[in-house]
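Enquirer: Starting off with a structure, shown below.
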Amino acid sequence: MGFKREELKNAHRIVIKVGTSTLTYETGKINFTRVDKLARIISDLSNQGKEVVLVTSGAIGVGVDKLKLPERPKSIREKQAVAAVGQCELMHMYSKFFSEYGHIVAQILLTRDIVGDETCSRNVVNTFETLLAKGIVPIVNENDSVSIVELKVGQKDTFSENDTLSAIVSKLIRADMLIILSDIDGFFDGDPRKNPDSKLLSIIEEITPEIECFADGAGTKRGTGGMVTKLKAAKIATKAGVNVVLTNGSHPESVMDIINGKEIGTIFVGKE
């Protein structure tokens, strides 16, 4: 018997990852319509009794907009400074939108050394558990002002971007499902931007070498993650028993359809 999407209805603890390309327009300005929809959907899920954690990118992008910079900074120290400004603005924005729907948010900033340390990771998990028990929505990002690994994408021993971070968070808190909202409809057997004949793979029960060959390239100029990073995240999460769904973030309301078992995006089936 293969995996049935209807099984997703049983997901209780859900991690949703949203990227910079989903949160902003091509101009780099914040897409308030999508942020509002995302806050409404997550609030509605919380009202249903589900536990939701949001992993968000966007600190540097929002910081660039706030400081009215002509382009993203090049140096690490400038990126860290802009991220510090952007993180404040990002949380202010989330807090405002979620409060409109009667929900409180909390900020959790993580670095690789924290989740790699047994005592620290236990403390982080305790924080998540307490927030979720109180009905508070944890909003997670990598601490760019302290950790430079995400800013130097491609190095080892790094989250590389928030796709991987969302998978690690899903594993830490024993989530049932991870939904990655990206700038593409799902996982294809080729690059649909280059090859219009590429086919969307609806369900992937095992990440084989052939599947890995299908992943190539980076994301948009506003984000750092591409299909390779999403496949890496899917590997981490599915190995921990978490179902992963990759879909387009341009319509945040599709999250509800995914949880209701509709055939949207690509699902990587978690191991038993």
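Enquirer: Quick one: in the range 4-19, of everything that is in a loop (DSSP other than H, G, I, E, B) and either open to solvent by 30 Å² or more (accessible area, probe 1.4 Å) or among the charged types (D, E, K, R) (or both), which residue is nearest to Leu131 (Cα to Cα)?
Expert: His12
Enquirer: Further question: So, in the range 2-32, how many residues would count as being within 16 Å of Ile42 (Cβ to Cβ) and touching a Lys or Arg at 6+ places or on another chain (Cβ under 8 Å)?
Expert: Of the residues in the range 2-32, 6 are within 16 Å of Ile42 (Cβ to Cβ) and touching a Lys or Arg at 6+ places or on another chain (Cβ under 8 Å).
Enquirer: In addition: Of all residues in the range 20-55, count the ones that are part of a strand (DSSP E or B) and at pLDDT 95 or above. Don't jump to the end; show me each part of the working.
Expert: So the first thing to find is which residues in the range 20-55 are part of a strand (DSSP E or B), and the list is 24, 30, 51-55.
Pick out the ones that are also at pLDDT 95 or above and you get 51-55.
Residues flagged as part of a strand (DSSP E or B) and at pLDDT 95 or above within the range 20-55 amount to 5.
Enquirer: With the requirement that a residue be part of a helix (DSSP H, G or I), closer than 21 Å to Ile42 by Cα and open to solvent by less than 60 Å² (accessible area, probe 1.4 Å), what does the range 101-142 give you? First the steps, then the outcome.
Expert: First, the residues of the range 101-142 that are part of a helix (DSSP H, G or I): 112-116, 118-133.
Filter once more, keeping what is closer than 21 Å to Ile42 by Cα: 125, 127-133.
Listed by number, the residues that qualify are Val125, Phe128, Leu131, Leu132.
Enquirer: Hey, does the range 2-13 have a residue that's in contact with a helix residue (DSSP H, G or I) (Cβ under 6 Å, 6 or more places away or on another chain), under 26 Å from Gly102 (Cα atoms) and among the basic types (Lys, Arg)?
Expert: No, the range 2-13 has no match at all.
Enquirer: Return the residues of the range 173-216 that are modelled with pLDDT of 95 or more and either open to solvent by 70 Å² or more (accessible area, probe 1.4 Å) or more than 21 Å from Asn260 (Cβ to Cβ) (or both); say none if nothing qualifies.
Expert: Once the filter is applied, which keeps residues that are modelled with pLDDT of 95 or more and either open to solvent by 70 Å² or more (accessible area, probe 1.4 Å) or more than 21 Å from Asn260 (Cβ to Cβ) (or both), the range 173-216 yields Ile173, Arg174.
Enquirer: Hey, another quick one. Filter the range 60-100 down to the residues that are assigned to a helix (DSSP H, G or I) and among the polar types (S, T, N, Q), then identify the one that is surrounded by the most Cβ atoms within 10 Å (Cβ to Cβ). Break it down into steps so the answer makes sense when it comes.
Expert: So the first thing to find is which residues in the range 60-100 are assigned to a helix (DSSP H, G or I), and the list is 60-66, 76-100.
The next check asks that each one be among the polar types (S, T, N, Q); those that pass are 80, 87, 95, 99.
Working: Gln80: 20, Gln87: 22, Ser95: 18, Ser99: 13.
Once the filter is applied, the top-ranked residue is Gln87.
The values are calculated or read from the model by the stated rules, or taken from the named source; none is laboratory data. All values derive from a computational prediction rather than experimental measurement. So basically every Cβ, Gly included, is an ideal-geometry build from the backbone, and we count neighbours across all protein chains shown. Note: areas computed on protein heavy atoms with side chains; ligands, DNA, RNA excluded. Shrake-Rupley method; radii C 1.70, N 1.55, O 1.52, S 1.80 Å.
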